Amino acid sequence: MSDLDAFRAETRKWLEANCPPAMRKPAVTEADACWGGRNFKFQSKDQETWMRRMAERGWTVPTWPKEYGGGGLTKDEAAVLKQEMRRIGAREPLVSFGIWMLGPALLKYGNEAQKHEHLPRIARGEIRWCQGYSEPGAGSDLASLRTKGEDGGDHYVVTGQKVWTSYADEADMIFALVRTEPDAPKHEGISFLLIDMEWDGVSTKPIKLISGKSPFCETFFDGVKVPKANVVGKPGEGWSIAKYLLTHERTNIVSVDSGAFAGGDPKRVALKHVGAGDDGRLADGVLRADIARFEIDALGFFATLERVKAEADTGQGVGARASTLKYVGSELNKRRHELVMSASGADGLLWEGPEETDGMAARNWLRSRANSIEGGTTEVQLNIISKRVLGLPDA
Amino acid sequence: MSFKLSEEQAMLRDAAREFLAEKSPVSELRRLRDEKNPDGFSRQLWSGMAEMGWLGVLVPEEHGGIGFGAVGAGLISEAMGRSLVASPFLSSAVLAAVAIREGGTDAHKAEHLPKIASGERIYALAADERPRHDPAAIDASAVRDGNGFRLSGVKRHIPEGHAADAFVVSAMLDGEVALFLVEAKAEGASTDARALVDSRYAADLTLNDVKLDGGALMSSGEAAQKALDAALETGRACLSAELLGAGETAFDATLDYLKQRQQFGRVIGTFQGLQHRAAHLHSELELTRSLAFKALAALDAGTPDAPMWCAAAKAKATAAGRLSASEAIQMFGGVGMTDEFDIGFFYKRAQAAGEFLGDDRFHADRLAKINGY
Ligand SMILES: Cc1cc2nc3c(=O)[nH]c(=O)nc-3n(C[C@H](O)[C@H](O)[C@H](O)COP(=O)(O)OP(=O)(O)OC[C@H]3O[C@@H](n4cnc5c(N)ncnc54)[C@H](O)[C@@H]3O)c2cc1C
């Protein structure tokens, strides 16, 4: 038996013994997931047990080094763990911006003190992070951001406004892009700061989405004192870190729940609402064709995700190819929800009601529209692919 | 499953690319067309491919092949797609080879597989009878006659079928599917070659009460269906790889042109309207590459999801191959429409390779069926 086979057998046994049955089905909404944080309320004892058991092994962040709370697994071992979790339908024990975005950036750019302070807390779900990039005047043109950090000796005094900050009202800390070198060129004057949301001068105001939910906020900084020890990398190096982090964010936006179609599998929804004809096939031939074309692209997408990850050099991330994944994956997810809505017919329009039909389809559909905006819009991804992957010239 | 090629596979890929780029660039297809070559392919190239061992890529070593499996055949197909190599590779080395390997008796395998591998004879699979791919629609039928059979029917659109020395024919026997090995020269058998839009030939095979001895029956019933399916799936995956190779090559040419052609005082590749279309096409080709590889690897692994991957791959490769060539024509502008320029050959081949063994619509429907809706 190869080492990997032995690892698989061991992992399978451990998961069987330790994953509570209630955690062996996909999280359907964002609220079903365990996000961690100082104020997080577990939905159930099982949710808490599952997260803690996995965190103890470092398996909330399987590939991070053990000294930072990770599992220290190789890429191949991590893939086995994922397969074995999928085999029993186990959901992710913990999801967070710390895992998807900040962690990888800290591993690459953070100093030892920062890694030891922040990574284990992310791994154990103790601190929940949010992302302070976008501003009212800086969206796609992110580098034009104006939130400023004035030099106060051993600290910066941060003043300005962020917007669309997902879960800012529930997060404990924010990683923010702040202009600390006002005289430097646009891309070279930005620093990457770690700020506690409880510090004086930080406040948030929720914004309601078209889905009726309010997962994001305006975030205000009013003379917030941020120690210089909380600068990741060097002052002025924030843009490189921000971009590196974005490639992780982009790959993650589209790889969450790979292939499981949580929140609506078009063919299942269609068979339920439209039904099958005498030949046993979905009774609406045009809808069937549309769903089949979607499934072909979905198979192609998940296969590409697997391939790009396999081809990426360990630790180097996937680079500009993250933009291809982000573009294809987010457009695909929008298409999936459009199909679920269409397959549901007027049932899909329901906004309130019994559990299964309380607007889930409609709210998920509406939420999915953001996929091609958040983390850089579809148009921005196409720009990046054109220039960085295909080498087409700037205007 | 890994997307990584083994060392042997990588060597095969490199050798195929190098050999075919040198021996059979697109100008070769043009030459064959312009001189109205009756074969539509070069016999010399065919011998060269045999010498490289490629015609035996799907033939087990015990029968004189190299047994590189579907991934190997796909790598050769992809390289063939890159310069639009015309040859009976698909019909003989893929479709007929797999049909005989999976559906033939030991005697058939011993007699015919070595000849496929050596290129000594050309074989073809005669499955379709309709203009649109529909291998389940079989009107051809065989009746028992003493120890043998009499076979009648019309098999259509057999790629390079005019050059085949023998055919694997699907026909009904006692109400079930059966596969027969039929010599092209058998009395009552005739082929009718037609030049196609892609400057290659396909033939219709008319079987008029062809008398066969008992040994011509390869298999029948479930065994025949399985062998036929295996051949068709392998052919579909290989055509997907070919379409990928052709699609990527057309795209590379388009990208070069976008970086060089000037209008309005700048290169046209600076226009965002074109950049985004190029980026979209790139993404479609990425999906195609992943799916083609998944399909080929699933065939080699023999996993039950292989038909699903083959359907997805052929559907995507057909659509993306067509898109790549049609976007090429559009972005080249007027020159893209000229015969003098190669891109038209890619557009035409994409249509033909897309149609053979089922286009994107055929396979979308099949995928739905496989997935239970
Ligand atoms: C649900 C959701 C969650 C989010 N969470 C966060 C978060 O946690 N933290 C955070 O910092 N931000 C977050 N964002 C913000 C997101 O990153 C921005 O909305 C996004 O980058 C686009 O910026 P914008 O909204 O200002 O649009 P704009 O940049 O103003 O874009 C408007 C339109 O113009 C197009 N456009 C812009 N520039 C170009 C160009 N060069 N070429 C072609 N088209 C162009 C865009 O594609 C878009 O269609 C979130 C957004 C959403 C919707």
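Out of A:Ala138, A:Ala79, report the one residue that is without any contact (Cβ under 8 Å) to a residue 40 or more places away in the chain, within 14 Å of chain B (Cβ to nearest Cβ) and either within 16 Å of the ligand (Cβ to nearest atom) or out of contact with any Pro (no Cβ under 9 Å at 6 or more places or on another chain) (or both). The match here is A:Ala79. Report yes if A:Gly58 is open to solvent by less than 50 Å² (accessible area, probe 1.4 Å), without any contact (Cβ under 8 Å) to a residue 40 or more places away in the chain and touching a Phe, Trp or Tyr at 6+ places or on another chain (Cβ under 8 Å), otherwise no. Considered against the rule, which asks whether it is open to solvent by less than 50 Å² (accessible area, probe 1.4 Å), without any contact (Cβ under 8 Å) to a residue 40 or more places away in the chain and touching a Phe, Trp or Tyr at 6+ places or on another chain (Cβ under 8 Å), A:Gly58 comes out as no. When B:Thr249, B:Thr254 are checked against the criterion of being more than 14 Å from chain A (Cβ to nearest Cβ) and farther than 30 Å from B:Ser170 by Cα, a single residue qualifies: B:Thr249.
Residues are listed down the side, and each one gets a yes or a no for (1) in the same structural domain as A:Gly89 (by TED's automatic domain parsing); (2) more than 26 Å from the chain's Cα centre (by Cα); (3) at pLDDT 95 or above:
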| residue | (1), (2), (3) |
| --- | --- |
| A:Ser214 | no, no, no |
| A:Glu218 | no, no, yes |
| A:Asp222 | no, yes, yes |
| A:Asn230 | no, no, yes |
| A:Thr247 | no, no, no |
| A:Asp284 | no, yes, yes |
| A:Phe294 | no, no, yes |
| A:Ala310 | no, no, no |
| A:Gly317 | no, no, no |
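Of all residues in the stretch B:260-280, exactly one satisfies the criterion of being more than 9 Å from chain A (Cβ to nearest Cβ) and in contact with a Leu (Cβ under 7 Å, 6 or more places away or on another chain), namely B:Ile268.
The residue pairs whose first member lies in the stretch B:45-69 and is under 18 Å from B:Gly104 (Cα atoms) and open to solvent by 20 Å² or more (accessible area, probe 1.4 Å), whose second member is at pLDDT 95 or above and of a type in the set (A, V, I, L, M), and whose beta carbons are closer than 6 Å, counting only pairs six or more residues apart or on different chains, are B:His63/B:Leu113; B:Gly64/B:Ala117. With respect to the numbered conditions (1) within 16 Å of the ligand (Cβ to nearest atom); (2) in a helix (DSSP H, G or I); (3) closer than 25 Å to A:Phe261 by Cα, which one is the sole condition not fulfilled by A:Glu48? Answer for A:Glu48: the failing condition is (1). Residues that are assigned to a strand (DSSP E or B), open to solvent by 10 Å² or more (accessible area, probe 1.4 Å) and not acidic (Asp, Glu) were ranked within the stretch A:141-155; the one that is nearest to the ligand (Cβ to nearest atom) is A:Lys148. Residues in the stretch A:33-42 that are touching a residue at least 12 places away in the same chain (Cβ under 8 Å) and surrounded by fewer than 17 Cβ atoms within 10 Å (Cβ to Cβ): A:Arg38, A:Asn39.
The residue list A:His187, A:His248 contains one member that is away from chain B (no Cβ under 14 Å), away from the ligand (no atom under 13 Å from the Cβ), open to solvent by 30 Å² or more (accessible area, probe 1.4 Å) and within 30 Å of A:Met85 (Cα to Cα), which is A:His248.
The criterion of at least 1 residues that are surrounded by fewer than 23 Cβ atoms within 10 Å (Cβ to Cβ) and within 14 Å of chain B (Cβ to nearest Cβ) is met by the following helices (runs of 4 or more DSSP H) wholly inside the stretch A:273-390: A:285-311, A:321-344, A:378-384.
Of the helices (runs of 4 or more DSSP H) contained entirely in the stretch B:263-356, those carrying at least 1 residues that are more than 14 Å from B:Ala237 (Cα to Cα) and either modelled with pLDDT under 95 or acidic (Asp, Glu) (or both) fall at B:272-301, B:306-332. Counting only residues that are within 15 Å of the ligand (Cβ to nearest atom) and either part of a helix (DSSP H, G or I) or open to solvent by 60 Å² or more (accessible area, probe 1.4 Å) (or both), the stretch A:198-220 holds 6 of them. Of all the criteria given as (1) within 15 Å of A:Cys130 (Cα to Cα); (2) exposed (fewer than 14 other Cβ atoms within 10 Å of the Cβ), the one not satisfied by A:Gly223 is (1). So, A:Ile195, is that one among the β-branched types (Val, Ile, Thr), in a loop (DSSP other than H, G, I, E, B) and either assigned by TED's automatic domain parsing to the domain that holds A:Gln161 or at pLDDT below 95 (or both) or not? The answer is no for A:Ile195. Scan the stretch B:208-226 and give yes if some residue there is charged (D, E, K, R) and under 19 Å from B:Ala124 (Cβ atoms), otherwise no. Checking the stretch B:208-226: not a single residue is charged (D, E, K, R) and under 19 Å from B:Ala124 (Cβ atoms). The residues in the stretch B:289-302 that are within 17 Å of the chain's Cα centre (by Cα), under 11 Å from A:Thr304 (Cβ atoms) and either of a type in the set (Gly, Ala, Ser) or more than 7 Å from chain A (Cβ to nearest Cβ) (or both) can be counted, and the count is 2. Is it true that some residue in the stretch B:350-362 is within 8 Å of chain A (Cβ to nearest Cβ) and more than 16 Å from the chain's Cα centre (by Cα)? Yes, some residue in the stretch B:350-362 is within 8 Å of chain A (Cβ to nearest Cβ) and more than 16 Å from the chain's Cα centre (by Cα).
The values are calculated or read from the model by the stated rules, or taken from the named source; none is laboratory data. Only a predicted model underlies this, so the values are computations on that prediction, with no experimental measurement involved. Glycine gets a Cβ as well: all are built from the backbone with ideal geometry, and neighbour counts include every protein chain shown. Note: accessible area is taken over every heavy atom of the protein model, side chains too, but ligands, DNA and RNA are not part of it. Shrake-Rupley method; radii C 1.70, N 1.55, O 1.52, S 1.80 Å.
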